[in-house]
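Read the structure below first, then the notes.
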Amino acid sequence: MRIVKEAEERREEILDAAEKLFAARGFDNTSTGDILEAVGIARGTLYYHFKSKEEILDGVIQRITGRLTRRAGEIVRQKELPVLERLTKAILSLNVESEIGHEIMEQVHRPRNALMHQKMQETLLAGINPILTELVEEGIQQGICRTRYPESVVEMAILYANVAFDELNAAGLSPERRERKIAGFIYNMERLMGMAEGSLQEPIMEIFRKSGTGRRENRNRNEA
């Protein structure tokens, strides 16, 4: 007996299967045939929802980044918390919690999956920029931040943080070199947002304490 499912439910099944396959094999090593077999559908059904494997990738990335930005947005709206605490929590919320999510992120950062990296960065930037801009604008009103261009500052900060975190989690980085890079990152972020020197020390160190070691160990495990 043929099972007919609602379009949205079928679409989610395709994305679930693709996310697992991309995580296990990488985007380039996963074919649409692999996805068809995993879901148990005909090629015509797949193409009804997605015209290409690249569209499926877009769907996977949008779903992951959508979850992340929604979480960050909920934190930003907790006005009872100080601005810098919300900033720290919002950044921490961008860490992917599920095992599938971690595997996807590991694939994203590998050279063979440059397209995934680019799409993830563009999508996350578009979603998170307005959320963090709202925080910076609130910081400006409170005299914590000083900049005429909060949106541009947030965009530059996100791009800078993306590069900096990749470097900090690179295998073989000595503890001394890592500490120097963290100090430089904090100093430059404070200058970028027009903040008093040392004001980001504790919030940003909290981020490194909670996220840095786990990502580095996970990456080393995958490369072993």
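The values are calculated or read from the model by the stated rules, or taken from the named source; none is laboratory data. Every value quoted in this text rests on a predicted model; they were computed, and no experiment measured them. Note that each Cβ is placed from the backbone with ideal geometry, even for glycine, and that neighbours are counted across all protein chains shown.
Identify, from the list GLU97, GLU138, the residue that is charged (D, E, K, R), farther than 18 Å from GLY26 by Cβ and at pLDDT below 80. I'd like the intermediate steps shown before the answer.
Values: GLU138 fails: at pLDDT below 80.
Result: GLU97 is the single residue among GLU97, GLU138 that is charged (D, E, K, R), farther than 18 Å from GLY26 by Cβ and at pLDDT below 80.
Hey, can you tell me all the residues within region 47-71 that are among the hydrophobic types (A, V, I, L, M, F, W, C) and at pLDDT below 90? Please lay out each step first, then the result.
Filtering region 47-71 down to residues among the hydrophobic types (A, V, I, L, M, F, W, C) leaves 50, 56-57, 60-61, 64, 68.
Residues satisfying the conditions are LEU57, VAL60, ILE61, ILE64, LEU68.
Residues of region 18-31 that are touching a helix residue (DSSP H, G or I) at 6+ places or on another chain (Cβ under 6 Å) and either at pLDDT 95 or above or loosely packed, with under 13 Cβ neighbours inside 10 Å (or both): none at all. Residue pairs whose Cβ atoms lie under 6 Å apart, separated by 6 or more positions or on different chains, with the first residue in region 65-89 and on the phi < 0 side of the Ramachandran plot and the second among the polar types (S, T, N, Q) and part of a helix (DSSP H, G or I), are THR65/THR123. Counting only residues that are surrounded by fewer than 17 Cβ atoms within 10 Å (Cβ to Cβ), assigned to a loop (DSSP other than H, G, I, E, B) and under 19 Å from the mean Cα position of the chain (by Cα), region 114-173 holds 1 of them. Restricting the search to helices (runs of 4 or more DSSP H) fully inside region 1-86 and requiring at least 3 residues that are within 30 Å of VAL136 (Cβ to Cβ) gives 53-76.
Looking at region 32-62 only, could you name the residues that are aliphatic (A, V, I, L, M) and without any contact (Cβ under 8 Å) to a residue 40 or more places away in the chain? It would help to see each step written out before you state the result.
To start, the set of residues in region 32-62 that are aliphatic (A, V, I, L, M) comprises 35-36, 38-39, 41-42, 46, 56-57, 60-61.
ILE35, LEU36, ALA38, VAL39, ILE41, ALA42, LEU46 - these are the residues of region 32-62 that are aliphatic (A, V, I, L, M) and without any contact (Cβ under 8 Å) to a residue 40 or more places away in the chain.
Pick from region 47-74 the residues that are within 12 Å of ARG11 (Cβ to Cβ), more than 14 Å from the chain's Cα centre (by Cα) and of a type in the set (A, V, I, L, M, F, W, C): which of them is surrounded by the most Cβ atoms within 10 Å (Cβ to Cβ)? So, considering only residues that are within 12 Å of ARG11 (Cβ to Cβ), more than 14 Å from the chain's Cα centre (by Cα) and of a type in the set (A, V, I, L, M, F, W, C), the one surrounded by the most Cβ atoms within 10 Å (Cβ to Cβ) is ILE56. The set of residues in region 174-193 being charged (D, E, K, R), surrounded by fewer than 17 Cβ atoms within 10 Å (Cβ to Cβ) and under 22 Å from the mean Cα position of the chain (by Cα) consists of LYS181 alone.
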